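A.B. asks: Here you go, one structure.
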Ligand code: SF4
């Protein structure tokens with residue numbers, strides 16, 4: 001008889017660490033992982049960005065992590081050495097995001113180590129199955145451990161065809177330069193390459209409050225009240241896709257992971273257990289929109305012309321992410337965006353406009369241009385941080401993430417982190 005991959009869905013209406021602990025502890029036993037989950041344990045959460053005001057739902061909740069760590073620290077495993085490792089969004093120091101996510105109080109309470117991957121001792125590994133990455137560099141603790149546990153936050157993400165689950169978490173294994181390299185039409189293959197290194201022993205997903213509908217950092221939280229647990233990240237993400245009414249076949253990194261033999265995506269090949277059915281959850285999420293559309297289909301004041309190639313994970317997606325930041329957090333500005341014409345990619349046609357903006361290193365107009373103002377922003381793709389800054393400097397387009405505290409994080413504290421790494425020889 002064929003053994004199916006199991007995904008467990010448990011009700012957990014609140015962020016109560018004791019209840020979360022109980023649920024995860026029971027399931028670790030059910031997966032017969034109690035004896036394996038000890039020694040050197042590395043937990044990889046999702047802390048891409050954390051900010052109480054403008055990104056309160058973008059990261060794995062500290063209460064969730066609290067319950068999860070308590071479940072690992074039962075009597076038998078009290079000596080386990082637990083490390084929480086992460087690299088947050090490009091160009092921001094992870095230590096600042098750990099602080100903003102409220103993880104430092106967990107460090108004290110559970111005597112764990114918080115490890116910003118960029119500050120860690122590194123290991124470079126060859127990827128034998130890699131299509132984009134032939135080797136990667138990441139923290140030693142991601143590779144050398146007895147138990148690798150992923151703790152994603154369930155979110156929609158327009159850069160990855162609508163979903164961020166367990167597999168997408170792997171992009172946070174990389175340092176900035178490797179992370180942004182081929183973050184374009186190759187993003188899906190890139191993410192799947194990383195499964196060779198980042199294949200967790202267990203996944204416990206914070207879906208108590210999920211975030212969806214806009215930009216992966218700033219979008220609003222919605223109460224779902226569940227925890228998902230699994231051993232296979234592909235089966236896990238396939239169930240997450242169905243929760244958001246997405247077809248796993250249309251989520252490229254998920255389909256590619258399946259085709260490369262990492263796990264099943266068809267519900268017939270997955271056993272779903274727990275105290276709440278997939279159908280009941282889907283009933284709740286049936287009107288929830290992921291916001292995943294083509295950039296030129298967005299209904300806003302800007303005129304967006306799409307050229308080739310179309311990079312969902314690159315310039316087209318990153319600019320859509322930029323627009324959604326405003327839609328999520330600055331409604332008034334969203335309704336009154338200045339009417340720029342934005343060209344992304346190689347556009348065949350004439351452009352006649354007052355103000356023209358070209359986004360991306362390959363972007364150009366293969367036709368006649370009539371424009372009073374003409375600006376461009378380079379990058380393949382430009383990082384979110386750079387796009388926010390350059391659109392402000394070159395076009396006076398204000399973004400809600402342009403805040404004094406985040407500017408300090410992104411430049412002053414980033415410099416301090418670099419300096420610390422330089423002193424320790426961990427550049
Ligand atoms: S520069 Fe061109 S190839 Fe690179 S991400 Fe942008 S649109 Fe894609």
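A.B. asks: For region 228-254, how many residues meet the condition of being more than 23 Å from residue 24 (Cβ to Cβ) and in contact (Cβ under 8 Å) with a residue 24 or more places away in the chain?
C.D. replies: Number of matching residues: 7.
A.B. asks: Restricting to region 296-315, count the residues that are in contact with a strand residue (DSSP E or B) (Cβ under 6 Å, 6 or more places away or on another chain) and away from the ligand (no atom under 16 Å from the Cβ).
C.D. replies: 2
A.B. asks: Might you check whether a residue that is modelled with pLDDT of 95 or more and within 16 Å of the ligand (Cβ to nearest atom) occurs anywhere in region 249-260?
C.D. replies: Among the residues of region 249-260, at least one is modelled with pLDDT of 95 or more and within 16 Å of the ligand (Cβ to nearest atom), which makes the answer yes.
A.B. asks: Check 389, 397, 402 and return the single one that is more than 14 Å from residue 323 (Cβ to Cβ) and in a loop (DSSP other than H, G, I, E, B).
C.D. replies: After applying the criteria, what remains is 402.
A.B. asks: Let me ask another. Determine whether residue 245 is outside the structural domain of residue 366 (by TED's automatic domain parsing), assigned to a helix (DSSP H, G or I), away from the ligand (no atom under 16 Å from the Cβ) and at pLDDT 95 or above.
C.D. replies: In short, no.
A.B. asks: Further, regarding this structure: Go over the candidates 115, 106 one by one and state the one that is within 24 Å of the chain's Cα centre (by Cα), crowded, with 22+ Cβ neighbours inside 10 Å, in a helix (DSSP H, G or I) and in the same structural domain as residue 168 (by TED's automatic domain parsing).
C.D. replies: Going through 115, 106 in turn, the sole match is 106.
A.B. asks: Also: Among the residues in region 329-337, are any farther than 30 Å from residue 154 by Cα, within 16 Å of the ligand (Cβ to nearest atom) and out of contact with any strand residue (DSSP E or B) (no Cβ under 8 Å at 6 or more places or on another chain)?
C.D. replies: no
A.B. asks: Is there a residue in region 150-165 that is at pLDDT below 95, in a helix (DSSP H, G or I) and touching a helix residue (DSSP H, G or I) at 6+ places or on another chain (Cβ under 9 Å)? Steps first, please.
C.D. replies: Step one: list which residues in region 150-165 are at pLDDT below 95, which gives none.
Scanning region 150-165 turns up no residue that is at pLDDT below 95, in a helix (DSSP H, G or I) and touching a helix residue (DSSP H, G or I) at 6+ places or on another chain (Cβ under 9 Å).
A.B. asks: It is to be established whether one or more residues within region 86-100 are within 28 Å of residue 174 (Cα to Cα), touching a residue at least 24 places away in the same chain (Cβ under 8 Å) and part of a strand (DSSP E or B).
C.D. replies: Within region 86-100 (the criterion being within 28 Å of residue 174 (Cα to Cα), touching a residue at least 24 places away in the same chain (Cβ under 8 Å) and part of a strand (DSSP E or B)), the answer is yes, since at least one residue qualifies.
A.B. asks: What residue, of 318, 293, is farther than 22 Å from residue 207 by Cα and within 16 Å of the ligand (Cβ to nearest atom)?
C.D. replies: Numbers: 293 fails: within 16 Å of the ligand (Cβ to nearest atom).
One residue alone meets the criteria, 318.
A.B. asks: May I pose another question? Considering region 180-211 alone, what residues qualify as being within 16 Å of the ligand (Cβ to nearest atom) and in a helix (DSSP H, G or I)? Give the steps one after another, and end with the answer.
C.D. replies: Going through region 180-211, the residues within 16 Å of the ligand (Cβ to nearest atom) turn out to be 180-191.
Matches in region 180-211: 180, 187, 188, 189, 190, 191.
A.B. asks: Residue 33 - would you say it is out of contact with any helix residue (DSSP H, G or I) (no Cβ under 7 Å at 6 or more places or on another chain), closer than 18 Å to residue 205 by Cα and either in contact (Cβ under 8 Å) with a residue 60 or more places away in the chain or not in a helix (DSSP H, G or I) (or both)? Before the answer, list the steps.
C.D. replies: On the way: out of contact with any helix residue (DSSP H, G or I) (no Cβ under 7 Å at 6 or more places or on another chain): yes; closer than 18 Å to residue 205 by Cα: yes; either in contact (Cβ under 8 Å) with a residue 60 or more places away in the chain or not in a helix (DSSP H, G or I) (or both): yes.
Yes.
A.B. asks: So for region 380-390 (the condition being more than 22 Å from the chain's Cα centre (by Cα) and touching a residue at least 40 places away in the same chain (Cβ under 8 Å)), does at least one residue qualify?
C.D. replies: No: zero hits.
A.B. asks: Answer with yes or no whether residue 131 is surrounded by fewer than 16 Cβ atoms within 10 Å (Cβ to Cβ), part of a helix (DSSP H, G or I) and touching a helix residue (DSSP H, G or I) at 6+ places or on another chain (Cβ under 8 Å). So that I can check it myself, show each step before the final result.
C.D. replies: Details: surrounded by fewer than 16 Cβ atoms within 10 Å (Cβ to Cβ): yes; part of a helix (DSSP H, G or I): no; touching a helix residue (DSSP H, G or I) at 6+ places or on another chain (Cβ under 8 Å): yes.
No; evaluated as a whole, the condition is false for this residue.
A.B. asks: Count, please, the residues in region 72-100 that happen to be surrounded by fewer than 22 Cβ atoms within 10 Å (Cβ to Cβ), at pLDDT below 95 and out of contact with any strand residue (DSSP E or B) (no Cβ under 7 Å at 6 or more places or on another chain).
C.D. replies: So the answer is 9.
The values are calculated or read from the model by the stated rules, or taken from the named source; none is laboratory data. Predicted model only: the values in this text are computed from it and were never measured. Don't worry about glycine lacking a Cβ; one is built from the backbone with ideal geometry, like all the others, and counts go over all protein chains shown.
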